[in-house]
Amino acid sequence: MPVRILIAPDKFRGSLEAGDVARAMARGVKRALPGAAVDCAGMADGGEGFVETMVEALGGRFENAEVRGPLGHPVTAKFGVVDDGATAVISMASASGLALLTPEMKNPLLTSTYGTGQLIRAAIDLGVSRIFVGIGGSATNDGGTGMAVALGYRLLGADDRELPLGGGALNRLERIDRSRRDDRLDRVRIEVACDVSNPLCGPMGASAIYGPQKGATPEMVARLDQGLENLAQIIERDLGMAVRDIAGSGAAGGLGAGMVAFANGKLRRGIDLVIDATKLRDRMKLADLCLTGEGRIDHSSGYGKTVAGVARVARELGKPCVALGGSVASGADAVLDQGITAFFSILTEPMNLSHALDQESTRRRLGRTAEQVCRLWYGANPHIARPADDGPANADTY
């Protein structure tokens, strides 16, 4: 039996997608253990790269839809269709993401998730019965109300007038009318990839924690939080759902709450959803060693991110798991508590940021570090028979 190495990293943001990271690691593994069987599984936690990772893992195709961006400008958004057309994979960031705006355009009083609702409609139009929605990277703080309007809901203020889109209008919301709701939502199961546990409102809520990075001043944060508080009360009264304190309801500017209230969505940790889709547990059972990684390993890596999720699976199955990071920062020790055996930075010499993010440089450093990890691991396990050099044919997926 050949030695089996499972490689399951996230993207290295700004440099390489998850699949490219895995293949770069695989080249280093093969230099250290030429006859090893290498299984590459690109991972994601619900943010950037979620759609691409799921389509690669499950097999499928990409579709494009013309939707409204966060400020209403036209955007071409990509989404995936997998499982022989039964499942769609959507990233809200492709329609309502912060990356679609320049710094000067950021304004969470005005930005809206309307385009995300249009993406959900476009997926339903294709006849899917299940939709995965990744909700990382938002430019919005509207509690998912823009999405709701795109799906047929009416948000009404004084004199039953429809409110403008955006989080700034929510403190004037008086009633939610669902009489025009797209009833096809009742025939679709929606699973939401959510990598944070913040509630909707309050000091740990969407506005206070994430509003500033979307352009909110302290005064705007207070106004946005009041609007989400009002939204939560009216959702409970008109729709019969208590969403304010659900873990993850504050994700993506409150889109977590909106997915539950307006689309009957089920919030799940993004990495857990990807673990299931990629059958990572079954693949881990066959592995002698697992390599994972992400662009930056720090205190946040131990809470719902890819490295921690992969490590938990490895620990459950008694497998060693090593993490490689583009950089390693304060608090990285948190991943050791999740099951990581050891972690290493691929930065082995001083360099500027542009060099550190250069794709070819990153590939070389990933391969070199993975090679040295495997040499050390093999040297520390002399009972493992060194595999014969069968060449690249034993590398399952790279």
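Couple of notes before you dig in:
- Residue pairs whose Cβ atoms lie under 6 Å apart, sitting 6 or more positions apart in sequence or on different chains, and linking a residue in region 27-49 that is closer than 22 Å to V307 by Cα and at pLDDT 90 or above to a partner that is hydroxyl-bearing (S, T, Y) and buried (at least 23 other Cβ atoms within 10 Å of the Cβ), are G42/T53; M43/T306.
- Here D272 fulfils each of the conditions (1) touching a residue at least 40 places away in the same chain (Cβ under 8 Å); (2) under 19 Å from the mean Cα position of the chain (by Cα) apart from (1).
- Within region 342-354, one or more residues are in the same structural domain as M25 (by TED's automatic domain parsing), modelled with pLDDT under 90 and assigned to a helix (DSSP H, G or I).
- Scanning region 250-278 for residues that are farther than 15 Å from A148 by Cα and either among the polar types (S, T, N, Q) or assigned to a helix (DSSP H, G or I) (or both) yields a total of 10.
- Residues within region 285-312 that are surrounded by fewer than 24 Cβ atoms within 10 Å (Cβ to Cβ) and at pLDDT 95 or above, tallied: 5
- Subset of region 56-78 (residues that are hydrophobic (A, V, I, L, M, F, W, C) and touching a Ser or Thr at 6+ places or on another chain (Cβ under 7 Å)): A57, L71, A77
- Conditions (1) polar (S, T, N, Q); (2) surrounded by fewer than 23 Cβ atoms within 10 Å (Cβ to Cβ); (3) over 17 Å from F262 (Cβ atoms); number of the one not met by S207: (2)
- Highlighted here are the strands (runs of 3 or more DSSP E) found entirely within region 135-195 that include at least 2 residues which are assigned by TED's automatic domain parsing to the domain that holds E229, under 16 Å from N230 (Cα atoms) and in contact (Cβ under 8 Å) with a residue 60 or more places away in the chain: 175-177.
- Flag if D245 is over 22 Å from the mean Cα position of the chain (by Cα) and either outside any helix (DSSP H, G or I) or surrounded by fewer than 21 Cβ atoms within 10 Å (Cβ to Cβ) (or both): no
- Restricting region 105-134 to residues that are part of a loop (DSSP other than H, G, I, E, B) and of a type outside the set (A, V, I, L, M), the residue that is surrounded by the most Cβ atoms within 10 Å (Cβ to Cβ) is T113.
- Filtered by the rule that a residue be of a type outside the set (G, A, S) and modelled with pLDDT under 95, region 148-160 gives D159, D160.
- Top-ranked residue of region 50-98 - restricted to ones that are free of Cβ contacts under 8 Å to residues at least 40 places away in the same chain and among the aliphatic types (A, V, I, L, M), ranked as nearest to I120 (Cα to Cα): A95
Yes/no matrix, rows are residues, columns are (1) of a type in the set (D, E); (2) crowded, with 17+ Cβ neighbours inside 10 Å; (3) out of contact with any Phe, Trp or Tyr (no Cβ under 7 Å at 6 or more places or on another chain):
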residue	(1), (2), (3)
A37	no, yes, yes
C40	no, yes, no
G47	no, yes, yes
V51	no, yes, no
V67	no, yes, yes
G72	no, no, yes
I90	no, yes, no
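- Among the candidates G326, G304, G293, G318, the residue that is in a loop (DSSP other than H, G, I, E, B) and touching a helix residue (DSSP H, G or I) at 6+ places or on another chain (Cβ under 9 Å) is uniquely G304.
- Some residue of region 361-381 being in a loop (DSSP other than H, G, I, E, B), modelled with pLDDT under 95 and either surrounded by fewer than 21 Cβ atoms within 10 Å (Cβ to Cβ) or in contact with a helix residue (DSSP H, G or I) (Cβ under 8 Å, 6 or more places away or on another chain) (or both): yes
- Applying the criterion of being within 25 Å of the chain's Cα centre (by Cα) and not small (G, A, S) to the residues of region 348-359, the residue that is farthest from R23 (Cα to Cα) is L353.
- Number of positions in region 37-58 that are closer than 20 Å to R365 by Cα and of a type in the set (A, V, I, L, M, F, W, C): 4
- Residue in region 279-290 that is of a type outside the set (S, T, N, Q), in contact with a Pro (Cβ under 6 Å, 6 or more places away or on another chain) and either in the same structural domain as L170 (by TED's automatic domain parsing) or in a helix (DSSP H, G or I) (or both) present: no
- Odd one out for V221 among (1) in a helix (DSSP H, G or I); (2) without any contact (Cβ under 8 Å) to a residue 12 or more places away in the chain: (2)
The values are calculated or read from the model by the stated rules, or taken from the named source; none is laboratory data. In this text the structure is predicted, and so the values were computed from the model without any measurement. Using ideal geometry, Cβ is built from the backbone for each residue, glycine included, and neighbour counts are taken over all protein chains shown.
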